[in-house]
Amino acid sequence: MPARSANPQLKAAGRTDIPPAGLEFDLDDDLCDEEFLPAADAAPVQGAGPAEHDAIIDGNMDGDRLDKALADLLAAAGLSRSRLRALIDQGHVSTGGQTINDASRRVKAGQTFRVHVPASAPALPVAQDIPLSIIHEDEDLLVIDKPAGMVVHPAAGNPDGTLVNALLHHCGDRLSGIGGVRRPGIVHRLDKDTSGLMVVAKNDRAHQALSAQFADRSLSRTYQAVVWAVPNPRTGEINANIGRHPTDRKRMAVLDRGGKVAITRYSTVRALGPAAALIECKLLTGRTHQIRVHMTHVGHPLVGDPVYGRVRTGRTRGLSEGAKQALETFPRQALHAAAIEFIHPATGAKVRFETVLPDDFKGLIHALEVL
């Protein structure tokens, strides 16, 4: 009988029970990660914040879904059911001091829920002359190698200096409004401190075609990461639902109940000494912080991750001073979007783009491989 994995979430690669096409994708303006962004309209944001609303469940609402009950109670505040569903998913709804992230939760008469509506980002980003690393450009799209430290689109706390501001300067009026005024041309995004490839649409036809490929998973993304320790098994699939952390809305977590389907396939490229490994990951879904959360869940958080991968003293014991310092001081999560492959919206041809690891990533690997 073959040996069983000690971790039930860790399975051999090669599954075929992938979730059906049309699977929902996350949309969150505070936490950017490996996410698909559905085409957005240019209408004003409903229930623009910042604001706080308290809602007490009426007796006739007992047993209703949370999003439906809140929509009925807060209709006068301009909060639709879909907007409230997004606020719940983003961790902005609580009761008794506990964050609620399940819109389908059944409510009870007399319960009080607090809804926090965060401030919306400026509606019209401005063009800014910010250098871009363009891997490919044609009449329909661009492929950008985003550096670590660059935010993809304006949001609360990052009103400018983003990839969108740079794209507006580079493309001019052609880009305005494609995919929504706040995210013109943006089909998907990477976290601020994740480097690597993104595809950007330059017209509506390209935006719709690329969005469809993200939705049906025909667009392929490959990431490289440095994780703590060497995974065992060296190749596998992590299938574990992801949702908001029950007590910390700034974090995501694997949830036993609720959350959204999340599947990551990984393979170990090579061990980097005893303390770390270079791995390759492919996403079958697009969830906030998916790779970071999944690898942490199976005991291999990303090196440098300030949220999920804090240094543990035991992990660096016995290493050289150079390797120890490299691991302890790497300034960001060691995650890089290394390749992207899709069907070109205009030509119908399959195209693939790759980029080399950035210098900080190479330096980390070199420090770990030096004896």
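The values are calculated or read from the model by the stated rules, or taken from the named source; none is laboratory data. On a predicted model such as this, the values are computed, not experimentally measured, just so you know. All Cβ positions, glycine included, derive from the backbone under ideal geometry; neighbour counts span all protein chains shown. The protein model used for the area step is the full one, side chains on, heavy atoms only, and it has no ligands, DNA or RNA in it. Shrake-Rupley method; radii C 1.70, N 1.55, O 1.52, S 1.80 Å.
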Sorting L368, L124 on solvent-accessible surface, 1.4 Å probe, most exposed first, gives L124, L368
Ignoring ligands, DNA and RNA, how do K108, K260, K282 rank by accessible area with a 1.4 Å probe, largest first? K108, K282, K260
Counting only protein heavy atoms, what percent of the accessible surface of segment 81-174 is carbon or sulfur at a 1.4 Å probe? 48 percent
Rounded to the nearest Å, what's the spacing between the alpha carbon centres of segment 320-361 and segment 274-294? Just the number, please. 12 Å
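Just add up the charged neighbours of G322: K/R +1, D/E -1, any other residue whose Cβ is under 12 Å from the Cβ of G322. Show your work: numbers first, answer last.
Working: positive: K324; negative: E321, E328, E369.
Around G322, the charge tally is -2.
Sequence gap at least 6, Cα distance under 8 Å: using those rules, report the relative contact order of segment 63-166 to the nearest whole percent.
Values: 136 pairs, mean separation 22.0, N = 104.
After rounding, I find 21 percent.
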